[in-house]
1. Can you name the number of the only condition in (1) of a type outside the set (Asp, Glu); (2) modelled with pLDDT of 90 or more; (3) touching a strand residue (DSSP E or B) at 6+ places or on another chain (Cβ under 8 Å) that Arg158 fails?
2. Which one is farthest from Lys230 (Cα to Cα), of the residues in the range 424-450 that are free of Cβ contacts under 8 Å to residues at least 40 places away in the same chain and among the hydrophobic types (A, V, I, L, M, F, W, C)?
3. Among what's in the range 429-450 and is out of contact with any His (no Cβ under 6 Å at 6 or more places or on another chain) and within 22 Å of Gly360 (Cβ to Cβ), pick the residue that is surrounded by the fewest Cβ atoms within 10 Å (Cβ to Cβ).
4. Got a number for residues in the range 414-428 being crowded, with 20+ Cβ neighbours inside 10 Å and within 20 Å of Thr143 (Cβ to Cβ)?
5. In the range 387-442, which residues are part of a loop (DSSP other than H, G, I, E, B) and of a type in the set (A, V, I, L, M)?
6. Among residues belonging to the range 93-127 that are part of a loop (DSSP other than H, G, I, E, B), of a type outside the set (Ser, Thr, Tyr) and buried (at least 16 other Cβ atoms within 10 Å of the Cβ), point out the one that is modelled with the highest pLDDT.
7. For Gln240, work out the one condition from (1) assigned by TED's automatic domain parsing to the domain that holds Asn313; (2) free of Cβ contacts under 8 Å to residues at least 24 places away in the same chain it doesn't fulfil.
Amino acid sequence: MHPSWRSRYKRTPPGYKQVWRPINRSSPPVPVDFTVPTMDSLNLYVDGASWSDDEPEVYRKGTGVFIPNLEIIETDNNQTENPVSIDVLPDDIHERILSCLPLSAIFKASSVCKRWYQIIHSKKFTLKDANFLSEKTWYFMFTSSVEPVGYLYDSGLRKWYNFELPFMVHHTWNVAPSCGLVCFMDDETSKAIYICNPMTREYEILNIPPSPGFPVYSALAFSVDQSKSKYTISVVRSMQASDDFLLWNVSIQVYDSQETTWLPPVMGAMQGWRPGDVSVICDNVLYILVFCTRSNEVQNFHGMITYNLDNINPSIGILKDESVILAPCALTCGRLMNVQRKLVLVGGIGRPNRPGVIKGIGIWVLNGREWTEITRMPHKFVQGFGELDDVFASSGGGDLIYIQSYGGTALLIYDMNTRQWFWSQKCSMHKKFPLEIFSGFCFEPRLQFM
């Protein structure tokens, strides 16, 4: 604790209490700019979740406010005073005060008293159009650890917090965020799906129906419709159907939370293409990244197919080449994401004659059946990653796109509004062994589960 706090705030002796008493002043109060010292490290636990201010600051300045005509006095138990308590304020005033706080501060405020805890966790407060509902997406970074711990980046305050998920997540899992909820699927077993709100630590588990075949690849997509208070999950599985890897069977299984059931699987096949582990839902259309299985294809060996989730046809037949939207260039680590309600593609720009080597990272937006390039990562940022190669992670939502190397904790952000690249604050997570893998995902911070 800052040394000035030790001298200013002393422990109250036994038998004394602190009350507020009005002061009579002859002159009006003057605005004062508070300078509040902060601790080097702050750890708070809310319902099992750890919040830790990772970056020490010497001082934090608040806004100029008027000091009320109140002072703290100490009295013994025999004296009678008329204290003025904040408890006399109605709940709606408390709600207005709390809604002006940043989201991380709201969770910390919930541990102040029982009344604030009840207000913050009430349905009325979580659904209220407060300031924190318009905050930018946050990013959770974790590593190949045996515990569900990591660091959570607040892009609004540009601060990292120690954070813990309610269950273990591996970097190979499929992750799909939407409107404050995050959907997880174990890529190895593909038997269960977790729908979780990382902020409140609420989650539910869904069992995935058996696959009609033996899937080699699985892709997860997730979309929340807040207007209807429902969410949709799709699981795309691809099964090898020929020894030459040219023909692949495809199944699409969709879950509707309103019906609380999995719809019958939609079956199809692809000749010369196969789905991988990348898909996304945008405006109720499922977009699936596919890979060319023909050996003579060098330039554009990536593509994309679409499926309208309103379609009730149980079969899509054999998809032809003309149904594939080709990638804008040779890609590595291609990712599809819903950013600003647009379908966005992020990927490494590969060198056709040098597999495994990229010359940059690009961002494209789909217009009709054509890709429009939005930006390419400037070379100085590519150099800033150090170990960046053809393998990297990317995640996007709201207005922001995050790019992270699997080999380190450097996190680069692109703002679709300002069209600017910038680094996040340095994360305190360190590599414990040379081959340790770092991963992460972004999500919108919300207080309500649905």
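1. For Arg158, the exception is condition (3).
2. Phe433
3. Among residues in the range 429-450 that are out of contact with any His (no Cβ under 6 Å at 6 or more places or on another chain) and within 22 Å of Gly360 (Cβ to Cβ), the one surrounded by the fewest Cβ atoms within 10 Å (Cβ to Cβ) is Phe438.
4. 2
5. Leu388, Val391, Ala410, Met416, Met429, Leu435, Ile437
6. Leu101
7. The number of the failed condition is (2).
One line per residue, one yes/no per condition, for (1) closer than 24 Å to Leu206 by Cβ; (2) hydrophobic (A, V, I, L, M, F, W, C):
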{"residue": "Val235", "(1), (2)": "yes, yes"}
{"residue": "Leu246", "(1), (2)": "no, yes"}
{"residue": "Val254", "(1), (2)": "yes, yes"}
{"residue": "Val266", "(1), (2)": "yes, yes"}
{"residue": "Pro275", "(1), (2)": "yes, no"}
{"residue": "Val280", "(1), (2)": "yes, yes"}
{"residue": "Tyr287", "(1), (2)": "yes, no"}
{"residue": "Phe291", "(1), (2)": "no, yes"}
{"residue": "Ile305", "(1), (2)": "no, yes"}
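The values are calculated or read from the model by the stated rules, or taken from the named source; none is laboratory data. Just so we're clear, the structure is a prediction, and the values are computed from it rather than from any experiment. Note: ideal-geometry Cβ built from the backbone for every residue, glycine included; neighbour counts use all protein chains shown.
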